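Taking it in order: structure first as structure tokens, then the write-up.
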Amino acid sequence: MRPLGRIYTVVPLAFDRRRTPRRPARHIGQILTEPTAAPQHCLVIQESDGGVRIETTADLPYSAFILRFAGTEAKYRVIWRKRYTIGAELLVQVTPDTVEHSQFD
């Protein structure tokens, strides 16, 4: 393997354990933690079929939240946190039918 720069190296695909490929994204999103709470803003920096990576200064006290961005709305679960960056797994894509009945279950 050839180094890309002084710090970065190439990781062989055999060692990449991700289930789905990541796509770079630069979308402003809204995080909803509970029905009466005001939405908190974030930047969606990466997305995939199985989850997202977001950056936010908001403190998320809950492990599950609704995220709206780029015309989509879905429920996610926090998998990891590192300072202002959060990795979240997609739990369910929210449709108009599920928003009213079980948005924060």
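Worth pointing out:
- Candidates are the residues of region 33-66 that are touching a Leu at 6+ places or on another chain (Cβ under 8 Å) and closer than 16 Å to V94 by Cα; the one that is surrounded by the fewest Cβ atoms within 10 Å (Cβ to Cβ) is D49.
- Scanning region 72-82 for residues that are at pLDDT 95 or above, among the hydroxyl-bearing types (S, T, Y) and surrounded by 14 or more Cβ atoms within 10 Å (Cβ to Cβ) turns up at least one hit.
- Among the residues making up region 53-77, those that are touching a Lys or Arg at 6+ places or on another chain (Cβ under 9 Å) and closer than 11 Å to L32 by Cα are L60, A64, F65, I66, L67, A74.
- Listed by first and then second residue, the pairs with beta-carbon distance under 6 Å, at least 6 apart or on different chains, first residue in region 21-39 and within 17 Å of I86 (Cβ to Cβ) and of a type in the set (S, T, Y), second at pLDDT below 90 and surrounded by 10 or more Cβ atoms within 10 Å (Cβ to Cβ), are T33/Y62.
The values are calculated or read from the model by the stated rules, or taken from the named source; none is laboratory data. Values in this document were obtained by computation on a predicted structure and should not be read as measured data. All Cβ positions, even for glycine, are placed from backbone atoms using ideal geometry, and neighbour counts span all protein chains on display.
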